[in-house]
1. Long-range amide H contacts for Val191: which residues qualify at under 5 Å (H placed 1.01 Å from N, peptide plane, sequence gap of 5 or more or a different chain)?
2. Quote the relative contact order of the chain in percent (integer), defining contacts as alpha-carbon pairs under 8 Å separated by 6+ residues.
3. From the phi angles alone, apply the Karplus equation (6.51, -1.76, 1.60; θ = phi - 60°) to segment 226-239 and give each ³J(HN,Hα) in whole Hz, x where the residue is Gly or Pro.
4. Which whole-number percent gives the relative contact order of segment 135-252, counting Cα pairs below 8 Å spaced six or more residues apart?
5. With springs only between Cα atoms under 10 Å apart, run a GNM on the chain and tell me which of Val138, Val261, Val199 wobbles the most.
6. Beta carbons within 10 angstrom, averaged per residue: use that to sort the peptides 280-286, 61-67, highest first.
7. Considering only the chain, what is the antiparallel percent among its DSSP beta bridges, to the nearest 5?
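Any read-out appearing in this document is the output of simple, stated calculations on the displayed coordinates, not a laboratory observation. In this text, all values refer to a predicted model and were calculated from it rather than measured experimentally. All Cβ positions, glycine included, derive from the backbone under ideal geometry; neighbour counts span all protein chains shown.
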Amino acid sequence: MKTKLSSIRSKLAAATAGVIAATALAAMPAHAAWEPTKPVEFVVPAGTGGGADQMARLIQGIIVKHKLMKESLIVVNKSGGAGAEGFLEVKGAKGDPHKIIITLSNLFTTPLATGVPFNWRDMTPVSMMALDQFVLWVNAENPAKNAKDFLAAVKASGPSKAKMGGTGSKQEDQILTVGIEKATGTKFIYVPFKGGGDVAVQLVGKHVDSSVNNPIEAVAQWRAGQLRALCVFDEKRMPYKTKVTDTMSWGDIPTCKEAGVPTDYVMLRGIFAAPGISKDQLDYYVGLLKKVRETPDWKEYMEKGAFNQTAMSGDDFTKWLGSAEQMHRELMKEAGFIAK
């Protein structure tokens with residue numbers, strides 16, 4: 001009897017120990033997902049005031065306002081070499097999860113135009129945040145009321161008399177300017193500036209005759225009645241119907257194809273991280289940026305800047321990047337902008 005009782009006690013003790021162990025295990029915190037342990041540097045490979053800079057600072061503000069990160073996000077502009085300075089810094093930060101970069105289409109154009117040893121595959125793609133539009137702008141005092149009249153006047157003025165202001169050389173704005181020239185038989189003097197904010201100011205001051213600024217870069221001057229929007233370089237009109245000026249919404253701007261300029265072009269607004277980061281670290285930033293896009297602040301910004309709200313990450317984003325790189329190579333080859 002004693003032996004049997006002892007056996008039962010042993011089994012009870014073992015069972016109790018098992019329950020205690022299981023309870024303790026359940027009480028232990030699950031493996032914590034990665035998150036930044038120090039401030040994150042957010043590189044902008046473009047000048048201050050332009051579309052990339054504005055979006056980076058908006059993302060920074062949303063993260064602070066909604067407490068989406070414990071550590072701070074520090075925006076740093078590194079525009080040297082048409083953005084090469086910023087790209088090469090992130091490329092060289094292998095394995096550093098505390099450095100991310102916002103990209104525009106100079107992600108493709110800068111290495112092609114300069115020969116700088118960089119390719120988008122040298123970084124870790126995180127998320128496409130949106131696609132940005134391009135609008136043909138003139139000063140509000142320009143007598144042309146539509147793109148057809150403006151381009152007819154440019155052609156009539158003779159070759160290389162009209163000045164087109166844009167951000168950087170051999171980048172999106174100049175590529176698009178060459179596309180306009182080829183489509184319409186016009187010829188512009190292309191005048192490069194550091195950022196879209198500078199371009200808008202120069203157009204208001206009549207130092208250039210036109211620009212192809214993104215909506216967000218010229219919306220303040222459009223709303224103030226200083227600039228006139230002639231057409232948007234996209235397949236279809238923008239979907240936003242709220243009035244921006246006294247008389248027009250973004251959706252009231254005709255496509256350039258409607259206006260007789262058979263050229264279209266949209267630009268990437270995406271986020272990349274340094275090469276060689278872990279899956280946990282990549283997942284953290286994908287999740288963080290998804291939370292940013294879900295805020296009312298982001299949705300308001302998308303409408304204010306008339307963005308194409310296409311977003312993607314993972315394999316879809318990587319495939320898109322490969323196709324966009326090939327398209328830019330073909331455009332730049334046609335324009336004669338590829339480094340020898």
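1. HN-HN under 5 Å from Val191: Met164, Gly165, Gly166.
2. 24
3. Once rounded to whole Hz, the list reads 8, 10, 10, 8, 9, 6, 10, 8, 9, 5, 9, 5, 5, x.
4. 34
5. Val261
6. So the peptides 280-286, 61-67, ranked by packing, come out 280-286, 61-67.
7. Given both bridge residues lie in the chain, the antiparallel proportion sits at roughly 55 percent.
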